[in-house]
Amino acid sequence: MKKVTLYLMICVLSLGSVLSSCEAAKNTNKTQRGAAIGAVAGGVLGAVLGNNIGKGGNGALGAVLGGVIGGVAGGVIGNKMDKQAREIQTALPGAKVERVGEGIKLTLGENSVRFDTNKSTLTSTAKANLDRLVPVFQSYADTDIVIYGYTDSSGKVEYNQTLSEQRAASVKAYLASKGLNTARFSTTGMGIADPIATNETAEGKSQNRRVEFAITANDKMVQDAKKEAGN
């Protein structure tokens, strides 16, 4: 994170110096200059975030969340994502909610979305917790959501890959049954990849059996944000 901050500061200071000395820039207003700085800074931040997430695991999810619109439009989207993240945390306190770039990474551990052993059928507990997320997802309809399924390392790799795909699909199907637009959702099975804890202990395996969501702005939200920003 320190490297992210350093890169961003260098980018902003350099661009600010250029804009201050450039004759064309003198004819722009503060909002336009701010948007230009924000756009470049956002691009650098997005690249660094995507790279760092990929290095630290969650490469597929990081690729989705690494892209940044930047500028004033990016700020508009960011504000909406901040609000959505808070509502998710309130609706489901046990969830791990992280703001990444202009998106949201949502991690539901085994206790939030639980499956029977070696099955992809949602338990009553899992359904009850997903029910709490439905109103939030409905309130922010202009988002795309990728659902990632994970397993621990027990069993064969091929079996776990298939099981993770089925579990992610089960979550999507359940959310669709609650009236959410299926076009917003896509699923990816990650199998045993990207563990967030050791697979040497029962507790660690429990943490690795999880479902993650990458929540990003869809095209409509991006276009609306650009209009609001005056782009």
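The values are calculated or read from the model by the stated rules, or taken from the named source; none is laboratory data. This is a predicted model, so every value here is computed, not measured. Here the Cβ is made from the backbone with ideal geometry for all residues, glycine too, and neighbour counts use every protein chain on show. The protein model used for the area step is the full one, side chains on, heavy atoms only, and it has no ligands, DNA or RNA in it. Shrake-Rupley method; radii C 1.70, N 1.55, O 1.52, S 1.80 Å.
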Gap separating the Cα centres of the stretch 145-161 and the stretch 164-182, nearest whole Å: 16
Solvent accessible area, Å² - Thr198, 1.4 Å probe, full protein context: 70
Arg86 accessible area, 1.4 Å probe, all protein chains in place, Å² to nearest 10: 150
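Check each of the GluC sites (Glu not before Pro) in the stretch 158-205 and keep only those in coil by DSSP with at most 15 other C-beta atoms within 10 angstrom; list them in order.
Here the sparse-neighbourhood loop sites are Glu200.
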Dimensionless Rg over Rh [the stretch 105-231; C-alpha; Kirkwood]: 1.04
All aspartates and glutamates inside 16 Å of Lys205 as judged from Cα atoms, apart from same-chain residues fewer than 8 positions distant: Glu110, Asp116, Asp152, Asp194
Accessible area, probe 1.4 Å, largest first, for residues Glu87, Glu228: Glu228, Glu87
Solvent-accessible surface (1.4 angstrom probe) belonging to Asp142, in square angstrom, nearest 10: 50
Only Lys, Arg (+1) and Asp, Glu (-1) charged, at Cβ; the stretch 104-187 dipole about Cα centre in debye: 160
